[in-house]
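Notes follow the structure.
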Amino acid sequence: MVRRLGIAFAVALAAYVGGAAAGGWLVANVTSNTHDASLEGVMTGVFVIGPLVSIVAFVIAFVSTRPRV
């Protein structure tokens, strides 16, 4: 159980970093905000998209590492 949690947390951390970077890039390139598009991209990536991707990755990793019967 502890091994499963460790793997799930490691996957979630990696997914957070990747999701935040990809989300920030995506929002910065798609937004119609001309004043501070880069700041909007970074904030959305770090505080919205990164955590969402991290939660989904944690659940998937935790479920997929369960012992087979």
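Filtered by the rule that a residue be of a type outside the set (A, V, I, L, M), without any contact (Cβ under 8 Å) to a residue 24 or more places away in the chain and surrounded by fewer than 18 Cβ atoms within 10 Å (Cβ to Cβ), segment 21-62 gives TRP25, ASN29, THR31, SER32, ASN33, THR34, HIS35, ASP36, SER38, GLU40, PHE47.
Within segment 26-69, the residues that satisfy the criterion of being under 13 Å from the mean Cα position of the chain (by Cα) and among the aromatic types (Phe, Trp, Tyr) are PHE47, PHE58.
We did not get these values from a lab; they are worked out from the coordinates using the rules stated. Predicted, not measured: the structure shown is a model, and the values here were computed from it. We place every Cβ from the backbone using ideal geometry, glycine too, and count neighbours over all the protein chains shown.
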